[in-house]
1. Expected output is a single nm value to one decimal: the length gained when fully extending between ALA75 and GLU23, i.e. 0.36 nm times separation in residues minus the C-alpha distance. What is it?
2. To the nearest 20 debye, what is the magnitude of the charge dipole of the chain about its Cα centre, counting +1 on the Cβ of each Lys and Arg and -1 on the Cβ of each Asp and Glu?
3. When the chain is fully extended, how far beyond the present Cα-Cα distance does ILE83 get from GLU13, taking 0.36 nm per residue of separation?
4. Short version: ³J(HN,Hα) in whole Hz for each residue of segment 26-43, in order, from phi by Karplus 6.51 cos²θ - 1.76 cosθ + 1.60 (θ = phi - 60°), x for Gly and Pro, what are they?
5. Under 1.5 on a/c is rounded, so check that first for the chain, then, if it is not, pick prolate when a/b is larger than b/c and oblate when it is not; a ≥ b ≥ c are the square roots of the alpha carbon gyration tensor eigenvalues.
6. For the chain, find the longest principal axis of its Cα atoms and tell me its angle to the long axis of helix 48-89, 0 to 90°, nearest 10.
7. Do you know the relative contact order of the chain, to the nearest whole percent, from alpha carbon pairs under 8 angstrom that are 6+ apart?
8. Can you tell me how much longer the chain between GLU61 and SER45 gets when fully stretched, taken as 0.36 nm per residue apart minus their C-alpha distance, in nm with one decimal?
Amino acid sequence: MKKTHAVTVLGREISVRSSSSAERVSAVEKFVNDRLQTIGSAMSSGDAQLVLTLALLNTAEELLELTSTHEQDAALDLRMRGIIGKLETV
């Protein structure tokens, strides 16, 4: 069941609906704010839209890398299970 949670990003309170626990929503809020702070402090411009865009791009890149790694791990696991199956029949 989804609940409404209040999160604050860039000083703006936003209501979000999530089926995740309050602790998980809080962890996501902290992750987002930490990422924005890291990127914002590395930039000379205070352009919030640019900071948000860069944070989104960085996070998307990390997600794609993790997805690729997960797919490679799953393929390797499948191959290993096949090899183990062959060894068990010998």
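None of the figures in this text is laboratory data; all of them are computed from the coordinates on show. On a predicted model such as this, the values are computed, not experimentally measured, just so you know. Methodologically, a virtual Cβ is constructed for each residue, glycine included, from the backbone with ideal geometry; neighbour enumeration extends over all protein chains shown.
1. Difference between extended and current length: 15.4 nm.
2. 380
3. 19.9 nm
4. Each residue's phi maps through the Karplus curve to give 5, 5, 5, 4, 5, 4, 4, 5, 5, 5, 5, 5, 4, 5, x, 6, 8, 9 Hz.
5. Values: a/c = 4.73, a/b = 1.96, b/c = 2.41.
Oblate, since a/c reaches 1.5 and b/c is not below a/b.
6. With rounding to tens, the tilt is 10 degrees.
7. 16
8. Answer, rounded to one decimal: 3.5 nm.
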